[in-house]
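All remarks here apply to the structure that follows.
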Amino acid sequence: MMFERNKNFSRREFFAMGGKAAATAAMMNLLPSVMASPAANFPKGKAEHCIFLWLGGGMSQIDTFDPKKRGNPKTKQAGTDYDVISTAVPGVKVTEHLPNMAKMMDWFTLLRTCTHSTVDEHATATHFVHTARQFSETIRYPSIGSIVAHELGQTSPTSPAYVVIGYPSASRDPGFLGPKHGYLYLTDTEAGPNGFVRHSGVDAARQTRREQLLAEVRQSTPDDAATRQYNEVIEQSLKLAGPDFMRLFQLKEERAELRNRYGGEFGQRCLLARRLVEHGCRFVEVSHNLNFINGTGWDTHNEGQLKQYMLIQELDHALATLVSDLEERKLLDKTLVAVGTEFGRPPEFDAGGGRGHQSKCFTLVMAGGGLKHGRTYGESDELSKKILTNPVTMPDLHATICAALGINPSKELYDGSRPVPITDGGKPVAALFA
């Protein structure tokens, strides 16, 4: 039986024809549309690395990057807690505690309409922002860092694909991708990862004997997928424990003027992130949920609001320095800088003068990556509480990060035999690639 290649068969016609010939003809008819699928034509950025600054606790968008009318915590009048200043981008305003970023606003994009509908609870929302999916009892979804590590891989044996500067969390895990695509974490910017430095009482000969014993044990273990993944992680760890990688934590190699410009502990973490990216790391998450400044970090209930401005000032100082440092080293176009948080804060003040949680409308920030910046995207209402235009879902955020790194956000990964798209229908923010 002969068929026209481009004929559109109805469902009834298809079953009426029957047989292998009909199935073949139908597949031939569908093939051109599959090949031309939008999934294969996603916008591609020039980034090779990503630095993800994590503001754990919930950054208040109305007190930072999307200020509206002035409020008053004492009289419980809803609104921003600070004065508003202009930026280098006409018409774009931020709060007074972001003066350095204001001068460089043409290097940034403010995504003012980020949104999700998961529970406004820290752990659940943190997981959702990192995976863009709800918790599941049947599948462990990978974090965005692990997806990048899986898709782009290591640039060298002494450069880990995924590093977290902060405490470990299940939200950052590789999920079904396995431990090979998990993260290396550290909390001390100068000491480096725990366990990577040989104890002073273990000399070279003793270390060699330990590695020989480990090799013998590994030879006797079963040859299954879990064991192979574990052995791959061991091999990677042994390579990273050498001087080529560990020297990156010697921040004193940097000019004193630059170290001082980065500022305190969070700034030093950002400096280390730049060194890691320079060495080839693909994805570096830098945590800023540090409570030593205002007592609560970004979770500004009650008295945490009183010194929130100190957190905002530290973010402003470190982020502006990081972006300008990357630009000076000609790394900014190759490095996407993203600022994330699990949700925002409402414009109303609570009984203690702080703010609650708000996931329906909040702001995230991007810079670099070869994208088109110097803009805001999306518009919120007069209190930064409701989205008026262009909502950005968490799958959209992940799709934008992936596309900036040249990763197809619609590509299917596999949990065993189950296909799992990298994003759950996410679409990159096209304006950033225009």
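The values are calculated or read from the model by the stated rules, or taken from the named source; none is laboratory data. What you see is a predicted model; the values in this text were computed from it and never measured. Cβ atoms come from the backbone with ideal geometry, glycine included; neighbour counts cover every protein chain shown.
Would segment 115-122 turn up any residue that is surrounded by fewer than 23 Cβ atoms within 10 Å (Cβ to Cβ), among the aliphatic types (A, V, I, L, M) and in contact (Cβ under 8 Å) with a residue 24 or more places away in the chain?
no
Has segment 281-293 got any residue that is modelled with pLDDT of 95 or more, in the same structural domain as His49 (by TED's automatic domain parsing), not in a strand (DSSP E or B) and not basic (Lys, Arg)? Steps first, please.
First, pick out the residues of segment 281-293 that are modelled with pLDDT of 95 or more: 281-287.
Restricting the remaining residues to those that are in the same structural domain as His49 (by TED's automatic domain parsing) gives 281-287.
Okay, now just the ones that are also not in a strand (DSSP E or B), so 281-282.
Going one step further and asking which of them are not basic (Lys, Arg), we end up with 281.
Yes, the conditions are met somewhere in segment 281-293.
Collect the residues in segment 95-114 that are β-branched (Val, Ile, Thr), closer than 24 Å to His301 by Cα and in contact with a helix residue (DSSP H, G or I) (Cβ under 8 Å, 6 or more places away or on another chain), keeping them in residue-number order.
The first filter runs over segment 95-114 and keeps only residues β-branched (Val, Ile, Thr), leaving 95, 109, 113.
Now restrict to residues that are closer than 24 Å to His301 by Cα: 95, 113.
Matches in segment 95-114: Thr95 only.
Is it fair to say Gln134 is in the same structural domain as Leu186 (by TED's automatic domain parsing), outside any helix (DSSP H, G or I) and within 14 Å of Val284 (Cα to Cα)? Break it down into steps so the answer makes sense when it comes.
Values: in the same structural domain as Leu186 (by TED's automatic domain parsing): yes; outside any helix (DSSP H, G or I): yes; within 14 Å of Val284 (Cα to Cα): no.
So Gln134 does not fit the description; no.
Select from segment 164-182 the residues that are among the aliphatic types (A, V, I, L, M), in contact with a helix residue (DSSP H, G or I) (Cβ under 6 Å, 6 or more places away or on another chain) and assigned to a helix (DSSP H, G or I) and list them in ascending order. Spell out the reasoning first.
Within segment 164-182, the subset among the aliphatic types (A, V, I, L, M) is 164-165, 170, 177.
Subset that is in contact with a helix residue (DSSP H, G or I) (Cβ under 6 Å, 6 or more places away or on another chain): 164-165, 177.
Of everything in segment 164-182, just one residue is among the aliphatic types (A, V, I, L, M), in contact with a helix residue (DSSP H, G or I) (Cβ under 6 Å, 6 or more places away or on another chain) and assigned to a helix (DSSP H, G or I), namely Leu177.
For segment 264-286, state whether one or more residues are more than 24 Å from Leu336 (Cβ to Cβ) and crowded, with 16+ Cβ neighbours inside 10 Å.
Of the residues in segment 264-286, the ones more than 24 Å from Leu336 (Cβ to Cβ) are 264.
Okay, now just the ones that are also crowded, with 16+ Cβ neighbours inside 10 Å, so none.
No, segment 264-286 contains no residue that is more than 24 Å from Leu336 (Cβ to Cβ) and crowded, with 16+ Cβ neighbours inside 10 Å.
Is it true that Met104 is over 30 Å from His150 (Cα atoms) and touching a residue at least 40 places away in the same chain (Cβ under 8 Å)? Please lay out each step first, then the result.
Numbers: over 30 Å from His150 (Cα atoms): yes; touching a residue at least 40 places away in the same chain (Cβ under 8 Å): yes.
So Met104 fits the description; yes.
State the number of residues belonging to segment 56-94 that are within 16 Å of Glu303 (Cα to Cα) and surrounded by fewer than 14 Cβ atoms within 10 Å (Cβ to Cβ).
Number satisfying all stated conditions: 4.
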